[in-house]
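The values are calculated or read from the model by the stated rules, or taken from the named source; none is laboratory data. On a predicted model such as this, the values are computed, not experimentally measured, just so you know. Cβ atoms come from the backbone with ideal geometry, glycine included; neighbour counts cover every protein chain shown. Quick note on the areas: whole protein, heavy atoms, side chains included, nothing else; ligands and nucleic acids left out. Shrake-Rupley method; radii C 1.70, N 1.55, O 1.52, S 1.80 Å.
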Amino acid sequence: MNPFFLPSKNKNDYPIRQYTEYEKLNHHDFANKYGYSHIAPILQAKSDKKNTFTKAFDYTYHTLVSAGLPVAAILFIAFLSFQNGQFEYQAKVASAKVYEVTESFQSKQEGPSSDVEGVIDQNQEDTEESVVILENVDLQVPLIKQIYSLSCEVASLEMALKYHGVETNQDLLMEELGISAPLKIQKQGSKIVWGDPDEGFVGDVKGWFTGKNEGVESLELATGWGVNNGPIASIAKEYLPNSYEVDNGNITDIKEALSAGNPVLWWHVRPDSFAGSITIYTQSGEAKEFRQMHVGVITGYKTVNGVTNYTINDPYFEELVLTESELLDQWQLQDYQLVVVGK
């Protein structure tokens, strides 16, 4: 790896945009804005250009002069050597277009803070390439039913992993996921204390979002809840390291993932869910909004006459088709959470 690079380990953490060739080649303006360490590859290309001419001259001096060639011939050969170096230089500078620079970033490294995380060389094997969004996608993800009343998250993950050839099961995935204590809702004064869905599964996977007291259904009597995208993504990465979670996502996130051949786990609240929500507190005192929710796998989309429909493998309701507006309406109530299970 080029020592001048400060590679982004997780480009999904920060907003990224492509910089124009003009910005990169006008490197002094670029440096004033982002720091000279980030234009080192371009400056190195310019240095290589000068070195090429020097090498050509040395070659002609030590070899051609001793051969007794006329000065004009020597200069002509040197010129041809320099032109070859010029092409190499242009190729190196042109490669600057594959650099991506992150914006609005406070450096995680020791030392002065910076608004630039670094420059990524996309020619490196470990760097993701941009994805062309396809007009239509239909991933043949196997449909697997959830085996427990609240195992939709692990059932969805099982589907996505199986699509990529990874065999597992819901019991094993639940064991890997773990339970965020306490298992049952506890009342502490006016507060309801339960597990943390950002750490592990909350409640009993065989339980339910509500309970009844004298015929009255209530979220405060719930025996089970579920888990958010972070812990599920952590398990997915154990099997397929290119998996990742998305918070506050958008339609482009979904289409890019599907176009790359990766199923998308989608957190949402169905229209027929129990209405309302309550605030629960984790053992550390952090407040969480608790409501009935569900997870399925988005397997594709198709646009006809300007209308885009999305296909869903639902571990409870089986195969579904939703319009884009329906998908967004249900998704927003779960803060636009996703997990992309990458190959």
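If the condition is being in a strand (DSSP E or B), farther than 13 Å from F290 by Cβ and within 30 Å of the chain's Cα centre (by Cα), then segment 195-216 contributes only F201.
Across segment 301-321, the number of residues qualifying as acidic (D, E) and farther than 16 Å from S273 by Cβ comes to 2. Checked against the criterion of being open to solvent by 20 Å² or more (accessible area, probe 1.4 Å), touching a strand residue (DSSP E or B) at 6+ places or on another chain (Cβ under 7 Å) and either closer than 29 Å to L322 by Cβ or modelled with pLDDT under 95 (or both), the candidates E220, E245, E214 yield just one match: E245. Looking across segment 316-343, the residues that are among the charged types (D, E, K, R) and part of a loop (DSSP other than H, G, I, E, B) come down to D335, K343. Taking the criterion of being under 25 Å from V269 (Cα atoms), part of a helix (DSSP H, G or I) and not β-branched (V, I, T), would at least one residue in segment 164-172 satisfy it? Yes, some residue in segment 164-172 is under 25 Å from V269 (Cα atoms), part of a helix (DSSP H, G or I) and not β-branched (V, I, T).
Of the strands (runs of 3 or more DSSP E) lying entirely inside segment 217-315, the ones with 2 or more residues being on the phi < 0 side of the Ramachandran plot and of a type in the set (F, W, Y) are found at 264-268. In segment 284-328, of all residues being more than 23 Å from A233 (Cα to Cα) and of a type in the set (S, T, N, Q), the one that is surrounded by the fewest Cβ atoms within 10 Å (Cβ to Cβ) corresponds to N305. Only one entry of D247, D272, D196 meets the criterion of being of a type in the set (D, E, K, R) and touching a Phe, Trp or Tyr at 6+ places or on another chain (Cβ under 9 Å), and that entry is D247. Considering the conditions (1) within 19 Å of the chain's Cα centre (by Cα); (2) touching a residue at least 24 places away in the same chain (Cβ under 8 Å); (3) open to solvent by 10 Å² or more (accessible area, probe 1.4 Å), A233 is excluded by exactly one of them, (3).
Yes or no: segment 254-265 includes at least one residue that is among the hydrophobic types (A, V, I, L, M, F, W, C), open to solvent by 10 Å² or more (accessible area, probe 1.4 Å) and over 19 Å from the mean Cα position of the chain (by Cα). No, segment 254-265 contains no residue that is among the hydrophobic types (A, V, I, L, M, F, W, C), open to solvent by 10 Å² or more (accessible area, probe 1.4 Å) and over 19 Å from the mean Cα position of the chain (by Cα).
Filtering E153, E135, E176 for residues that are crowded, with 19+ Cβ neighbours inside 10 Å, not in a strand (DSSP E or B) and not hydroxyl-bearing (S, T, Y) leaves a single hit, E153.
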